[in-house]
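Okay, so here's the structure we're looking at.
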Amino acid sequence: LARLPCRTASHRDLPPPPRTNPRLRSSCTMASPLVRGATRTVLCFFLLVLSGTAGPIPDEAGPVSVASVPLMWVPISLRPAEEGDTTIDGQPDPIVELCLVDWNPYWKAPHLYGKYKVLLQSNRCFAGGRGLSSGTARKETTGRRRTRRLSELKAKALAAGTALTPSGFIFHMSRVGSTLAANILSSAPQRLVYSEGFRMPSCARDWCSREQKVDMLRDLVLYGFGASSSHQALYFKFQSAISTEMDLLLEAFPSTPWIFMYRSPLQIMQAWEGDNSFAGAPCTRSQRNPPAAVCRILREAGIGNCRTASPAQYCAASLARMADTALGAHRRDLDAASAGGKSHGLLLDYSTMPGAALPPPPGGESGGTYAGAMPKHVGLLPWLEEPTTAERQRRGARAGRAATAVLSPRDAAAMHGTADQYSKQGHGSSAKKGLFSGALAKHDRDKDERASGGVLEATRGILEKRHALLQEGSKRSLELALAQARRDGPSAPRVLVF
């Protein structure tokens, strides 16, 4: 260590952090030729800690505000694998672009970094929001970007033992509170949460097989996004379009708990229509090259040409495709449970938020049927509460003791505090800044009364029955989760906390 030029062993190959004080850096550099041995090492490490590079995760007694996650190399883009881009065994081996990121601002104030791309922009991974192909982007991110083959990332993560298996996936239909759910999960330093920004790996000209795509996807999640020695759990909240490809993710990680968040389709459609009459809505991006499934849904609704369908009709069909994919995964869960296996999915209605994403307050009311459903489902809390003394006596030895909640008081408090903040304050919107309140929920309900004729017609004709199926699926998936907990008996939650 005495020979290291002002960097600890774990940071010797890393450039300075995004907000490092230049005076401290230059002092550290100047000190190198003047001091020797342990004195130099201690002094330089002390200066780096002051400048924000790294800090120890405190024990349970310490305030969470002093915890610090070291800088991380995280994926920011993935190039399609060409036919020659393969490993020795013929597996596609795409190039992954990485950026060095300070993760601490995100978990300390998730509502200011509601999406992964906002955190990347704050760390200068892009120049003015432009892609990495820009010359300006390359110039401004020199030293903060690098490219690696996926096979290189895999070898490094396996050697270091840093690959995290996902503890939970969040899929959704858009405008359903999914960003708030991700923010609540991310409000602690031990949980690594990616809120959108994920791109499914692919092969140029679609030369690889489905099995190869699943293997490539699994490696990207484990050894690209999950290569962290500073976290205990890995979660993904995907963009809504990936909901239509959830089958691939569930095939790659069949044991990972997943949640599909949905909402009254009329409210989603009304919100999209407000984006400049659907012009800014994500559902319209694919209309020039529409997926076959969307065209099929439109034909079944009596609309012949999906390219000439109205924006309302096309967006309703896009939502229907997401709903159909989630309902298909839910049916497979039912089949697995019927055969004696386990179900891993949970369908959550927007109306259950934010209570469904929060741990019940200590000594407070239960909060309803879905209270705490998300943290229970992804392993932060046990499904079954501690049985009372009378219940244990009545049920005898079978009652046992349920696993105690592993969320510390400060962790639970951080989750509740995050729920009080509008989830996208860092996105430049001024309409809903400040605290999450009942007024916003009323604003959402009022959308039903303002829906245009085209939105009403498309929603009723294409989405009404699917929404009813999702509501029924919510009840059934919750019943399955509770039944499994009773069948399996007391078990400790899967994720530890500080």
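Going by the structure shown, is Lys447 surrounded by 13 or more Cβ atoms within 10 Å (Cβ to Cβ) and at pLDDT below 85? Yes, satisfied.
Please indicate, with yes or no, whether at least one residue in the range 310-327 is farther than 30 Å from Leu407 by Cα, in a loop (DSSP other than H, G, I, E, B) and not hydroxyl-bearing (Ser, Thr, Tyr). Within the range 310-327 (the criterion being farther than 30 Å from Leu407 by Cα, in a loop (DSSP other than H, G, I, E, B) and not hydroxyl-bearing (Ser, Thr, Tyr)), the answer is no, since none of the residues qualifies. Is it fair to say Leu222 is of a type in the set (A, V, I, L, M), in contact (Cβ under 8 Å) with a residue 60 or more places away in the chain, open to solvent by 20 Å² or more (accessible area, probe 1.4 Å) and closer than 30 Å to Ser351 by Cβ? Taking the combined requirement at face value, the residue does not satisfy it.
Scanning the range 305-324 for any residue that is at pLDDT below 90 and of a type in the set (Asp, Glu) turns up nothing.
With a requirement of 3 or more residues that are at pLDDT 90 or above, the helices (runs of 4 or more DSSP H) lying completely within the range 69-161 that satisfy it span 104-108, 116-122, 150-160. Condition check for Gly84 on (1) within 19 Å of the chain's Cα centre (by Cα); (2) open to solvent by 20 Å² or more (accessible area, probe 1.4 Å): one failure, at (1).
Restricting the range 411-426 to residues that are under 13 Å from Lys108 (Cα atoms) and polar (S, T, N, Q), which is modelled with the highest pLDDT? Selected residue: Thr418. Of everything listed in (1) open to solvent by less than 20 Å² (accessible area, probe 1.4 Å); (2) under 12 Å from the mean Cα position of the chain (by Cα), the single unmet condition for Glu196 is (1). Of the helices (runs of 4 or more DSSP H) lying entirely inside the range 173-275, those carrying at least 1 residues that are closer than 27 Å to Gln471 by Cα are 178-185, 246-252, 265-273. Return a yes/no flag: does the range 303-322 have any residue that is under 24 Å from the mean Cα position of the chain (by Cα), closer than 24 Å to Ala481 by Cβ and surrounded by 16 or more Cβ atoms within 10 Å (Cβ to Cβ). Checked the range 303-322: at least one residue is under 24 Å from the mean Cα position of the chain (by Cα), closer than 24 Å to Ala481 by Cβ and surrounded by 16 or more Cβ atoms within 10 Å (Cβ to Cβ). Would you confirm, using the coordinates I've provided, whether Arg149 is closer than 24 Å to Leu119 by Cα, open to solvent by 50 Å² or more (accessible area, probe 1.4 Å) and not polar (S, T, N, Q)? Judged against the criteria, Arg149 is a match.
Could you tell me whether the range 389-397 includes any residue that is modelled with pLDDT under 65 and touching a helix residue (DSSP H, G or I) at 6+ places or on another chain (Cβ under 7 Å)? Yes, that holds for at least one residue.
Selection of the range 276-288 for residues being open to solvent by less than 40 Å² (accessible area, probe 1.4 Å) and part of a helix (DSSP H, G or I) yields Cys283, Thr284. Filtering the range 328-344 to residues that are assigned to a helix (DSSP H, G or I) and touching a residue at least 24 places away in the same chain (Cβ under 8 Å) leaves Gly328, Ala329, His330, Asp333, Leu334, Ala337. Considering (1) open to solvent by less than 30 Å² (accessible area, probe 1.4 Å); (2) more than 19 Å from the chain's Cα centre (by Cα), the lone condition that Glu273 does not fulfil carries the number (1). When Leu381, Leu327, Leu334 are screened for being at pLDDT 90 or above and open to solvent by less than 30 Å² (accessible area, probe 1.4 Å), only Leu327 passes. When you look at Ala485, is it more than 27 Å from Ser318 (Cβ to Cβ), modelled with pLDDT of 60 or more and more than 23 Å from the chain's Cα centre (by Cα), yes or no? In short, yes.
The values are calculated or read from the model by the stated rules, or taken from the named source; none is laboratory data. Just so we're clear, the structure is a prediction, and the values are computed from it rather than from any experiment. Reconstructed Cβ throughout: ideal geometry from the backbone, glycine too, with neighbour counts over all protein chains shown. Side chains included, ligands, DNA and RNA excluded: accessible areas come from the protein's heavy atoms. Shrake-Rupley method; radii C 1.70, N 1.55, O 1.52, S 1.80 Å.
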